[in-house]
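Novice: Quick one: this structure, given as structure tokens, is what I'll be asking you about.
The values are calculated or read from the model by the stated rules, or taken from the named source; none is laboratory data. Please read all numbers here as calculations on a predicted model, not as lab measurements. Note: ideal-geometry Cβ built from the backbone for every residue, glycine included; neighbour counts use all protein chains shown. Note: areas computed on protein heavy atoms with side chains; ligands, DNA, RNA excluded. Shrake-Rupley method; radii C 1.70, N 1.55, O 1.52, S 1.80 Å.
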Amino acid sequence: MIYTCPVCGFNKLEDPPANDEICPSCGTQFGYHDFTRSHAELRVRWLANGALWHSRVDPQPPNWNGIRQLFDTGLVYSATTPNADSQISVVDLGVRERVISNSGLFTSKVKERLIALGNSVPHVFAHVKSATASAGR
Amino acid sequence: MPLTFRTSRKRARHFQDHGSDFDALNEADYESKAGAFLTNPLNTNTLEGIRPRDNATIRYNTVTEEYGIISSDGYIRTYYKPDPTLHGLPSNLDYFNDNCNQV
């Protein structure tokens, strides 16, 4: 039986996300990190820190990309916000489609990674690409 | 028989995240320290509870801040020094008590 991490969408957990299991992808220790915080809150934090592979025990899968993993599992989707100071916002589906970033939560490095990823998966990031193109004019 | 984690991979993962809490030299050293904490006779500073939710045994030392869990079938689940900024409760004692009260 394989399980999916409710924080980052990693879909190869060997055991259910509970009882002090540690997700190799995002590093969430279930029962500790999510004791009072929601999975959506932990997801925002992981994403804001760059959505990097956590484990040094489990090798990072080839071509793995944490941000893409989130989008592929449907935990977040991208959208642009008219007149936002940032060109990218990410909507988290975990908390009633709450917009988790459109005003500077992401570092410029994370934004760069989002834009780069948007160029490689245009079906997901069409709005990001158009926003980026507009910003470049 | 000394206590162990259920698998070497689980031991390695917990060592990565928590080994430095105890200056553990390696995975085996970390596991040994965990086993000692979880099986040594209780002292005046160490609290122990059985969590109703899963019958896990939980120990917490109020001085050293050590915290560990043994599953109901006798494996080490985890061993670390809790951080209130991570579990979100005011103190580690609150965290221990709340855990012991989970049904």
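Novice: For the subset of region A:49-67 comprising residues that are over 8 Å from the mean Cα position of the chain (by Cα) and among the aliphatic types (A, V, I, L, M), which member is nearest to B:ASN26 (Cα to Cα)?
Specialist: Looking at residues that are over 8 Å from the mean Cα position of the chain (by Cα) and among the aliphatic types (A, V, I, L, M), I get A:VAL57.
Novice: Another one. Please count how many residues of region B:78-103 are within 10 Å of another protein chain (Cβ to nearest Cβ) and in contact (Cβ under 8 Å) with a residue 40 or more places away in the chain.
Specialist: The total comes to 5.
Novice: In this structure, is A:CYS8 touching a His at 6+ places or on another chain (Cβ under 7 Å), crowded, with 20+ Cβ neighbours inside 10 Å and in a loop (DSSP other than H, G, I, E, B)?
Specialist: no
Novice: May I ask you to list the residues in region A:16-75 that are over 18 Å from A:TYR3 (Cβ atoms), open to solvent by 30 Å² or more (accessible area, probe 1.4 Å) and part of a helix (DSSP H, G or I)?
Specialist: Residues satisfying the conditions are A:GLU41, A:ARG45, A:ARG68.
Novice: Identify, by number, the condition in (1) open to solvent by less than 50 Å² (accessible area, probe 1.4 Å); (2) more than 14 Å from chain A (Cβ to nearest Cβ) that B:ILE50 doesn't meet.
Specialist: (1)
Novice: On to the next question. State all residues of region A:21-51 that are within 22 Å of B:TYR95 (Cβ to Cβ), small (Gly, Ala, Ser) and within 13 Å of another protein chain (Cβ to nearest Cβ); if no residue qualifies, say none.
Specialist: Correct list: A:GLY27, A:GLY31, A:SER38.
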